[in-house]
């Protein structure tokens, strides 16, 4: 009997000296087991409050199970299938951490198995919560679209995937997402080649349209120039008609106009130098038009009295 008491005393002394640590950026809870040194009493599993970083007295049969609350970054390619069965690649880059509120920590500790000693790491949380959620979001957003529709709405689809993922992950209340980046979808080579052909055809079509517009503009310009020339010709013709009619009524004006301009002509020619200017020959001057005398009546013609 005395021996059992001694053993129990040293067991209790040893149990009181055992401690456990909660590292930085972790939360934990004591997990109570049982054994010989406590006469197989206790062993209630998770007990006590959620522990913040620090050192705690535990005992021989008590461990501290941990949740890694640090920020984790994961980069992974995913595959998605469109409505018409075409598969394309999508790369995600996400930064997240566990939601380490007391209730969430208790739920994770009781439902997840540690993957590193007694710790549930961020990698485990990514495999359990993040990866399935992003796959579900991609499937829900992409599956209603056909390949060409998805191809034409790439940026719109990426925005919809991001929005749907955040809605789903927030509903789980286990993960905090700090950043999510999605790369542009990578289609099979045949689709990419078709996109290149479409782009080339669009450029050629735009080029043909531009050439057609240029020719149309030149035709319109030519027609306008022709109309302008006709208008100018009509204006000149009208002027000529007016001048001609005036000269027919006043033929002596030409002689008068020449004589009026001669002084200036002589002055300009003399200023040029080395020229001999003589007066115009009066015989070649345009004589004034005299009135036609009445003709004598022909012989034998009756005369008017």
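The values are calculated or read from the model by the stated rules, or taken from the named source; none is laboratory data. Fair warning: this is a prediction, and the values are worked out from it, not measured in the lab. Cβ atoms come from the backbone with ideal geometry, glycine included; neighbour counts cover every protein chain shown.
Is it fair to say residue 142 is under 14 Å from residue 185 (Cα atoms) and either without any contact (Cβ under 8 Å) to a residue 40 or more places away in the chain or in contact with a helix residue (DSSP H, G or I) (Cβ under 7 Å, 6 or more places away or on another chain) (or both)?
Criteria met by residue 142.
From the list 88, 46, which residue is more than 30 Å from residue 179 (Cα to Cα), modelled with pLDDT under 90 and surrounded by 12 or more Cβ atoms within 10 Å (Cβ to Cβ)?
Residue meeting the stated conditions: 46.
Quick one: residue 111 ticks every box in (1) crowded, with 17+ Cβ neighbours inside 10 Å; (2) assigned by TED's automatic domain parsing to the domain that holds residue 169; (3) more than 27 Å from the chain's Cα centre (by Cα) except a single one, so which number is it?
Residue 111 satisfies all of (1) crowded, with 17+ Cβ neighbours inside 10 Å; (2) assigned by TED's automatic domain parsing to the domain that holds residue 169; (3) more than 27 Å from the chain's Cα centre (by Cα) except (1).
Go through segment 77-109 and report how many residues are in contact with a strand residue (DSSP E or B) (Cβ under 7 Å, 6 or more places away or on another chain), in a helix (DSSP H, G or I) and free of Cβ contacts under 8 Å to residues at least 24 places away in the same chain.
0
Go through the residues of segment 165-175 one by one and say whether even a single one is at pLDDT below 90 and either under 24 Å from residue 73 (Cβ atoms) or surrounded by 19 or more Cβ atoms within 10 Å (Cβ to Cβ) (or both).
Scanning segment 165-175, I find at least one residue that is at pLDDT below 90 and either under 24 Å from residue 73 (Cβ atoms) or surrounded by 19 or more Cβ atoms within 10 Å (Cβ to Cβ) (or both), so the answer is yes.
When segment 110-129 is examined, which residues are found to be in contact with a strand residue (DSSP E or B) (Cβ under 6 Å, 6 or more places away or on another chain) and farther than 12 Å from residue 68 by Cβ?
129
Provide a single number: the residues in segment 49-74 that are farther than 16 Å from residue 100 by Cα and either under 48 Å from the mean Cα position of the chain (by Cα) or modelled with pLDDT under 90 (or both).
Counting residues in segment 49-74 that are farther than 16 Å from residue 100 by Cα and either under 48 Å from the mean Cα position of the chain (by Cα) or modelled with pLDDT under 90 (or both) gives 9.
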